1. So S37 ticks every box in (1) within 17 Å of S126 (Cα to Cα); (2) at pLDDT below 80 but one. Which box is left unticked?
2. Just to be sure before I move on: is E98 acidic (D, E), within 56 Å of the chain's Cα centre (by Cα) and closer than 18 Å to K21 by Cα in the structure I sent?
3. Considering (1) over 30 Å from I160 (Cβ atoms); (2) β-branched (V, I, T); (3) surrounded by 15 or more Cβ atoms within 10 Å (Cβ to Cβ), say which one I238 fails and leave the rest.
4. Looking only at segment 113-127, filter to residues that are at pLDDT 75 or above and not in a helix (DSSP H, G or I); which one of those is most open to solvent (accessible area, probe 1.4 Å)?
5. Among residues belonging to segment 136-153 that are assigned to a helix (DSSP H, G or I) and open to solvent by 80 Å² or more (accessible area, probe 1.4 Å), point out the one that is modelled with the lowest pLDDT.
6. Looking at segment 31-90 only, could you name the residues that are under 59 Å from the mean Cα position of the chain (by Cα), of a type in the set (A, V, I, L, M) and under 27 Å from G139 (Cβ atoms)?
7. Consider L260 against the criteria (1) out of contact with any His (no Cβ under 7 Å at 6 or more places or on another chain); (2) farther than 30 Å from E191 by Cβ: it satisfies all of them except one. Which criterion is unmet?
Amino acid sequence: MLVLFETPAGFALFKVLDEGKLSKVEDLSKEFTTSDSARKVVKLKAFSKFENTSEALSAATLLIDSKPSKGLWKFLKAHCDGETLGVADSKLGNAIKEKLQIECVHNNVVMELMRGLRSQLTELISGLATQDLAPMSLGLSHSLSRYKLKFSPDKVDTMIVQAIGLLDDLDKELNTYAMRVREWYGWHFPELAKIVQDNILYAKAVKLMGDRVNAAKLDFSEILLEEVEAELKEAAMISMGTEVSDLDLENIKDLCSQVLSFSEYRAQLYDYLKSRMNTIAPNLTALVGELVGARLISHGGSLMNLAKQPGSTLQILGAEKALFRALKTKHATPKYGLIYHASLIGQAAAKHKGKIARSLASKASLAIRYDALGDGQDNTMGLENRVKLEARLRALEGKELGKSAGSAKGKPKIEAYDKDRKNGAGALITPAKVYNPSADAVLGCTENEEQKMSVDEPPSQTEVSERKKKKKKSAEAEDNGIVESEETGTKKEKKKKKHDAADGTEENVEVEKSKKKKRKHSDDDDESETADKKKEKKKKTEE
């Protein structure tokens, strides 16, 4: 049995001398405690040395992917004839078996043998010292890490982080110095602040002019426009400012020189940052610009850290304080952070900024990953995504126009189909329906008349008059019938009452007689009372 062992110096093949000791895996480590005991178990059969570092790097990268190199093919063909080969990778063993028809083994025994060989490697391979093996392994590991991570000195994003930080500091200092110049020189010439708005032009004008009295003699054509120059000279003649000594003017000029030097260095630093961004992150630069891309990298820490972030995180990067405040107070979360300053979001309307920010963040995350991990050095991907985002922005703006032309959802209203209406005209094919007043009468309508009334075609005038006559007759007949029915009803009621009175019981008759007697008795009493009252009245009158 043979064992294939990879070293930084080359490939080694060891012959197992006593295969009986391999049955006890637990005791196998004891056989490699010393070099003498290790030589009794294994023996070096062949060794293939790497010629240079590039060959070692290519072989190592192929072995990581479980693929043997060309040198390994030749080495195994020459020394493995009919032998079983122990390998550390099962996928590598399958590849060797398919290509060279060599039986390969990968189990716990082989792994324990590898561990023992690694501990006594310098003793088992003659000519390979420990002092030589350590730098070999270190150099190969460094080369392998550079190859796997695509490391390049041009891809160092630390320079971008430092440059954008310095650029922001310069902007702050430049604004502070410029405002100090305006405030200081404003005591002498306060009207100049309204005439010249730009800070750099203001500093150049102050440095050239000095005292405002000299403004009429100087030529400002290289600095200012003709109109601004004429206005400056007129204001200098009638200025309300105080007089300033020559020493004060010298210090003001020195401060103006500092402002101008800062502005020149700032322009130089911006050009440097632009070139570095186009080299390190060309696709991100094509999408969001140099300054926004550099601020994103600086906020993320590095380009690799930024590549690990999803698009949703990239969208709100820089607005963490607003995000956590919104989550705490249960309000709406921010829609954008540093990405808000990109030109694409600036072109969008206020109601579309959130959608464009989300789309731009997703495309920017893909561009960052391509810049960090891809092989290409061009910005074709970023330019293509920018064209797509611009088309998306135009589609959003056109969608609003479609909504105003149609219904609320942007679709035109569908009108009901009318067979009587001509195509493309407002007229009707059939005549318009006429109001039928006879349909208002309900009492005398028969089934046949109702069927006639339901017909869509309008009736003629003669038919309408005949129907009216019939309805009048039917109405009169109904009235006569109602009167006759009422008379017959009253007669029947009278007969019923007579019949009931005749058929009344004797008890009812006696009750009625007693009532009549009571009424007569009450009437007699009333008459007697009235007679007594009349007599009393006569007596009173006589007295």
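1. (2)
2. Details: acidic (D, E): yes; within 56 Å of the chain's Cα centre (by Cα): yes; closer than 18 Å to K21 by Cα: no.
No; evaluated as a whole, the condition is false for this residue.
3. The single condition I238 does not satisfy is (3).
4. Applying the first criterion (at pLDDT 75 or above) to segment 113-127 yields 113-126.
From what is left, the residues that are not in a helix (DSSP H, G or I) are 120, 125-126.
Working: Q120: 25, I125: 6, S126: 106 Å².
Only one residue fits best here, namely S126.
5. Let us first name the residues in segment 136-153 that are assigned to a helix (DSSP H, G or I), namely 136-148, 153.
Still in the list and also open to solvent by 80 Å² or more (accessible area, probe 1.4 Å): 138, 142, 146-148, 153.
Numbers: L138: 75, H142: 70, R146: 64, Y147: 63, K148: 62, P153: 54.
Out of the qualifying residues, it is P153.
6. Selection gives A56, L57, A59, A60, L62, L63, I64, L72, L76, V87, A88.
7. (2)
Residues are listed down the side, and each one gets a yes or a no for (1) aliphatic (A, V, I, L, M); (2) part of a helix (DSSP H, G or I); (3) out of contact with any helix residue (DSSP H, G or I) (no Cβ under 9 Å at 6 or more places or on another chain); (4) modelled with pLDDT under 90:
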position: Y202; (1), (2), (3), (4): no, yes, no, no
position: A215; (1), (2), (3), (4): yes, yes, no, yes
position: E231; (1), (2), (3), (4): no, yes, no, no
position: S239; (1), (2), (3), (4): no, no, no, yes
position: V244; (1), (2), (3), (4): yes, no, no, yes
position: S257; (1), (2), (3), (4): no, yes, no, no
position: S263; (1), (2), (3), (4): no, yes, no, no
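The values are calculated or read from the model by the stated rules, or taken from the named source; none is laboratory data. Quantities reported herein were computed from a predicted structural model and do not represent experimental measurements. Note that each Cβ is placed from the backbone with ideal geometry, even for glycine, and that neighbours are counted across all protein chains shown. In case anyone asks, the SASA skips ligands and DNA or RNA and just uses the protein heavy atoms, side chains included. Shrake-Rupley method; radii C 1.70, N 1.55, O 1.52, S 1.80 Å.
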